[in-house]
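Quick note: the coordinates plus some simple rules give every number you see, no bench work behind them. What you see is a predicted model, and the numbers here were worked out from it, not measured in a lab. All Cβ positions, even for glycine, are placed from backbone atoms using ideal geometry, and neighbour counts span all protein chains on display.
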């Protein structure tokens, strides 16, 4: 009996150490993600968002491409169109996100992006036939109220940035939802490459055709001519790529070590980091309604995560 209790205590200690490592890695991933946003905000004053999106993805393409070269993909395939959809919708979401970073406070942009779990719960219900328990429904309602508080629509109308913010969250949610199906057929690296590959090629195409077309203000977030970085600007775009890749690696490892619900809750710390970094870079301190909206979005995300990991 004494020996059994000792083994039980050792197993619990090992589990706690593993969980602590997962939490620490997720905190570091969130900080890295916020730092990427900080570098993106600085460089977006010089380079257009579509170009920032290109540099954000090119580092990942090189890293994942090298991994595939060293260790070939092991997969059955068969869902090519869904793979292209995942990459395309992920690219659009990321492009909208970088446009927001350039034009609104960093904390607000990250908050919009972190609405994705709310939409994941909705899409999983309709497309994957996953059940919504009462707490998930409460979370969805809280999330939408939070979005309204952050957006603060004038006369009941959302402006361009609010719409793109919601698009960023919806796009990310569709991408995450498609991953659940794609993971049955493709190597994880192939799924990541579909996103980063399209996220590298599409900006190049958009920048190449931009000089030859006229774009209304509604679509200026998608089109812009290429601007060659100079001097310290290369440091900023490198920072965007390196911090984005680092965040992805740390987050992946965190999910390997700790329950998804716990890691998902810790991931919301990137809003706090984003607020701090944004204010340091000159963003205005959020007003009461925006701050309340941020709290509601965080709360809704925590409820969604914890309701799935009882």
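Looking across segment 277-306 at every residue that is touching a residue at least 12 places away in the same chain (Cβ under 8 Å) and outside any helix (DSSP H, G or I), the one that is surrounded by the fewest Cβ atoms within 10 Å (Cβ to Cβ) is identified as 284. Looking across segment 260-276 at every residue that is surrounded by fewer than 22 Cβ atoms within 10 Å (Cβ to Cβ) and over 15 Å from residue 29 (Cβ atoms), the one that is farthest from the chain's Cα centre (by Cα) is identified as 276.
The rows are residues; the columns are (1) in contact with a helix residue (DSSP H, G or I) (Cβ under 9 Å, 6 or more places away or on another chain); (2) closer than 19 Å to residue 274 by Cβ; (3) free of Cβ contacts under 8 Å to residues at least 24 places away in the same chain; (4) surrounded by fewer than 24 Cβ atoms within 10 Å (Cβ to Cβ).
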| site | (1), (2), (3), (4) |
| --- | --- |
| 97 | yes, yes, no, no |
| 104 | yes, yes, no, yes |
| 135 | yes, no, no, yes |
| 153 | yes, no, yes, yes |
| 158 | yes, no, yes, yes |
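Taking segment 111-202 and the helices (runs of 4 or more DSSP H) fully enclosed by it, the elements with 3 or more residues that are out of contact with any strand residue (DSSP E or B) (no Cβ under 7 Å at 6 or more places or on another chain) and under 21 Å from residue 90 (Cβ atoms) are at 116-127, 160-182.
Could you please give the count of residues in segment 39-54 that are crowded, with 23+ Cβ neighbours inside 10 Å and outside any loop (DSSP other than H, G, I, E, B)?
Going residue by residue through segment 39-54, those that are crowded, with 23+ Cβ neighbours inside 10 Å are 39-41, 43, 47-54.
Checking which are outside any loop (DSSP other than H, G, I, E, B) leaves us with 39-41, 43, 49-54.
The qualifying residues number 10.
Among the residues of segment 229-238, is any surrounded by 16 or more Cβ atoms within 10 Å (Cβ to Cβ), in contact (Cβ under 8 Å) with a residue 60 or more places away in the chain, assigned to a helix (DSSP H, G or I) and under 17 Å from the mean Cα position of the chain (by Cα)? No - not one qualifying residue is present in segment 229-238.
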